[in-house]
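Here's the structure, in structure tokens; my notes come after.
The values are calculated or read from the model by the stated rules, or taken from the named source; none is laboratory data. Quick caveat, the model's predicted, so the values are computed rather than measured. Quick reminder, even Gly has a Cβ in these numbers, built from the backbone with ideal geometry, and neighbours come from all protein chains shown.
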Amino acid sequence: MKRPAHAAIGAALLLAAGPACALEVTRSRDIPAPPTAVWALIGDFCAIGLWHPQVERCILSREDDDDGIRAQVRGVVAKGGLGTIVEVETARDEAGMSYSYSFIQGPLPVRAYNATLAVRPNGAGSTVVWTATFDAEGMSDAEALADITGVYDAGLAGIARETAK
């Protein structure tokens, strides 16, 4: 049996193994750029610092365990002194142009948060799809949904802006 590369993976799996999440957000945006160009911008797990307007910077930590399994953990420093969000990458599909991740800790009104960011072909352009399941924590379901929806919409607008350059 393979051991996780980082203790954060274990924590993420415990969060994900809880009861079914009550909330889901899916946001998408059509981008007039080829999928490979969009993936080149957003495909790196810490590239969020390049395209999300609410992110001051991203700090990436990689560790290999004894079996050579690599875990990527990112610290996303939010602008305005709001704090750092810690997330672990849980899946990556380079050919399918997607990655999934789980929330570990930070100033988000959620728990059991699991998300996927994906690029899909759409004619001559692309569609970026960002989806998550989670439970609200510290605020109502409606407030948590609005918060995550706002984060996703700002990020998708940032991707559109950066690919248009």
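Figures for the structure shown
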{"item": "Selection from region 1-54 of residues that are among the aliphatic types (A, V, I, L, M), in a loop (DSSP other than H, G, I, E, B) and either surrounded by fewer than 19 Cβ atoms within 10 Å (Cβ to Cβ) or at pLDDT 95 or above (or both)", "result": "1, 17, 20, 22, 33, 47"}
{"item": "Qualifying residue in region 70-87 (condition: at pLDDT below 95, over 30 Å from residue 32 (Cβ atoms) and of a type in the set (D, E, K, R))", "result": "yes"}
{"item": "Of the criteria (1) surrounded by 15 or more Cβ atoms within 10 Å (Cβ to Cβ); (2) at pLDDT 95 or above; (3) not in a strand (DSSP E or B), which one residue 99 fails", "result": "(3)"}
{"item": "Flag for residue 75 being surrounded by fewer than 19 Cβ atoms within 10 Å (Cβ to Cβ) and touching a Ser or Thr at 6+ places or on another chain (Cβ under 7 Å)", "result": "yes"}
